[in-house]
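Okay, structure first, notes after.
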Amino acid sequence: MPSSIHLSRRRFLRQTGLGMFALAGVPAWVRAMTMAGGPKLSPNKASPAFAPDVEIELAARQSSVSILPGPPTRVLQYAARLVKGPEGTLTNLPGSYLGPLIRLQKGQKVRIHFRNELAEPTIAHWHGMHVPALMDGHPMYAMDPGETFVYEFEVLNRASLNIYHPHPHELTGRQVYYGLAGGILVNDDEEAALGLPVGEYEIPIVLQDRRFDADNQLVYVRHMHEKMMGFHGDRILVNGRPDFTLEVASRAYRLRIMNGSNARIYKLGWDDGTPLTVLGTDGGLLETPEVKPYVMLAPGERLDVWADFSGRAVGSQLVMRSLPFSGALPVMARRMMGEMMHSALPPGSDYPLFTVRVSRGVSESPSLPRRLAKISRYTLADTANPDKPVPLEISEGPMSMLINRRPYAHDDLQPFERIPLGSVQLLEIFHGHGGSGHGDGGEGMAHGGGPGMGMHGGMGMGMMGHRGGMGMMGGHGGGMGMMMSMAHPIHLHGQSFQIVSRTVSNATMDDYASVRDGFVDSGWKDTVLAMPGERIRLIKPFQDFKGLFMYHCHNLEHEDMGMMREFSIE
Ligand code: C2O
Ligand code: CU
Ligand code: CU
């Protein structure tokens, strides 16, 4: 890894009191990581019976890119080569650390040889793709440096924008932050028949925030609260570039937007008040376009937007902004963020994301289809458990972020985490009341305070034990709970789901009013933003594949802290 990254990891380990691992050198913490992620399994090999339509060699490696004026920035990067498949399967984003855009067609059989050229474990996950458990990039498959994992899957997804990114336990946030991420654009016939803008009129927009030091090198987590709140940069990059400007013709475009940030939540809106015309979400097209004053986009979520610049004068500009909102971060933290992160870009403030400049006048433009796609909608009657939703309980403590009351541990399944293959389940995301009923005695290493949080794997896990929650979850009542309460983008691997309802209680209504019109809940989703006080019901099918599938917070610092669990489909 680039030496600065190595150094910052060492620094981080020292600050978190786990310096001994760093001092013992890489192999020790590699071992620790492997233990935390589960047993060390050997990487999958190509199977002779699988006849791929598309074959790709993908590597994760160290690289450097010029991002800001001055010295280049050391990054981690996915690089790919097409071995077999249609021309146009891979598109590099110019001047970007992001991996190439991978275009796939529903029904294609895909083989990806993924080689770890980093100096630390990694594994790739295809966020949003419905693939077998072995192909899903579960942390237990994290590979040592130099190893190759062969993925083979058929594209079962409908047309949609998905993400590939690392998933090694406790390293995901850092690896994504340093550059490992890319888009997967799936097309299908239903979408093609609509005649939506394609080619140069269909633009991927990956939104990320980063922080640079005086030498243009990336800066990552240095303080405990940057893990607790998730890491926020002070500079917006679009497709890996600062001050992003899109030169367009005066016609309709399709913007394929992805929130690739570790923790930052955007409230997307055009600066002149033009509403957003939404075509689709995480899992593809909606039934009909939806017009929204603004849209909330949390880490891991995607948005398909119809942007019509026809009738706009050549030379005119439009800016996509993140509009002001509140309530996503704990009251206490809002102050800390300002003071301690030296942030020029406080989360929830009003700031520009990218500029669109109309540089060419044209007279033809496609028109917006009235109907987009067919979505068969689940009802409670389709679910195996209409009266007993599978819980997804969020709880926050001063030193922990948990989902279903336990930090991540491999194969530590609770009864409700075992799901019958082929069933359709009702699930419910809600905020636990930190304390009551929690922590049957886990004494919690985090009690000591200090910056020891966030490293549950390795050593932390050993100290806490796998069971019993964490002691410090007890003892603070509702007041503290509210003060700590924050928004979490909850992501479920495997098939997409449908959102049935959102109800809110116990939240500051002013806060909620600043976000409530920005949710697009009518399509297929794989990540949903749960605001403080919200209770979200969703229906998800668990079809086709048995095995372990992760669910977790897509605030990547939270994920790395252990706000992750797994379902076993059996
Ligand atoms: Cu995009 Cu399990 O993550
Ligand atoms: Cu995923
Ligand atoms: Cu979270």
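The values are calculated or read from the model by the stated rules, or taken from the named source; none is laboratory data. Since the model is a prediction, treat every value here as computed from it, not as a measurement. FYI the Cβ positions are ideal-geometry reconstructions off the backbone, even for glycines, and counts take in every protein chain you see. Surface areas here come from the heavy atoms of the whole protein model, side chains and all, with no ligands, DNA or RNA. Shrake-Rupley method; radii C 1.70, N 1.55, O 1.52, S 1.80 Å.
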(request) Evaluate the relative contact order of the stretch 28-188 (contact order divided by residue number), counting alpha-carbon pairs under 8 angstrom at least 6 apart; express in whole percent. (result) 28
(request) Could you sort 487-496, 220-229 so that the peptide with the highest average Cβ count within 10 Å comes first and the rest follow in order? (result) 487-496, 220-229
(request) Could you tally the net charge around residue 244, taking each other residue with its Cβ under 15 Å from the Cβ of residue 244, Lys/Arg +1 and Asp/Glu -1? (result) +2
(request) Can you send over the carbon and sulfur percentage of the accessible area for the stretch 28-188, probe radius 1.4 Å, protein chains only? (result) 55
(request) Extending each Cα 7 Å along its Cβ direction at residue 379 and residue 535, get the distance between those two points in nm, one decimal. (result) 2.2
(message) At 1.4 Å probe radius, can you tell me the per residue accessible area of the stretch 155-257 in Å²?
(response) 25
(message) For the stretch 73-154, what does the accessible surface come to per residue with a 1.4 Å probe? Please give it in Å².
(response) 32
(request) Run down the lysines and flag those whose C-alpha is under 20 Å from the C-alpha of residue 45, throwing out any fewer than 8 positions away in its chain. (result) 84, 109, 546
(message) In whole percent, and with a 1.4 Å probe on the protein chains, what portion of the accessible area of the stretch 199-360 is carbon and sulfur?
(response) 51
(message) Give me the one-decimal nm value for the distance between modelled label points at residue 216 and residue 245, 7 Å along each residue's Cα-to-Cβ direction.
(response) 2.0
(message) So, taking all protein chains as they sit and a 1.4 Å probe, how much accessible area belongs to residue 371, in Å² rounded to tens?
(response) 150
(request) Pull out the extension gain between residue 388 and residue 287, defined as 0.36 nm times the separation in residues minus the alpha carbon to alpha carbon distance; nm, one decimal. (result) 33.4 nm
(message) Give me the one-decimal nm value for the distance between modelled label points at residue 344 and residue 363, 7 Å along each residue's Cα-to-Cβ direction.
(response) 4.5
(message) Less than 15 Å from a label point 7 Å out along the Cα-to-Cβ axis of residue 331: which backbone N atoms in the stretch 529-553 qualify, by residue?
(response) 532-533
(request) Show which aspartates and glutamates lie in cross-link reach of residue 540 when reach means a straight Cα distance below 13 angstrom and same-chain residues fewer than eight apart are skipped. (result) 382, 428, 526
(request) Mark the label point 7 Å from the Cα of residue 91 along Cα→Cβ and return the residues of the stretch 149-165 whose backbone N is within less than 18 Å of it. (result) 159-164
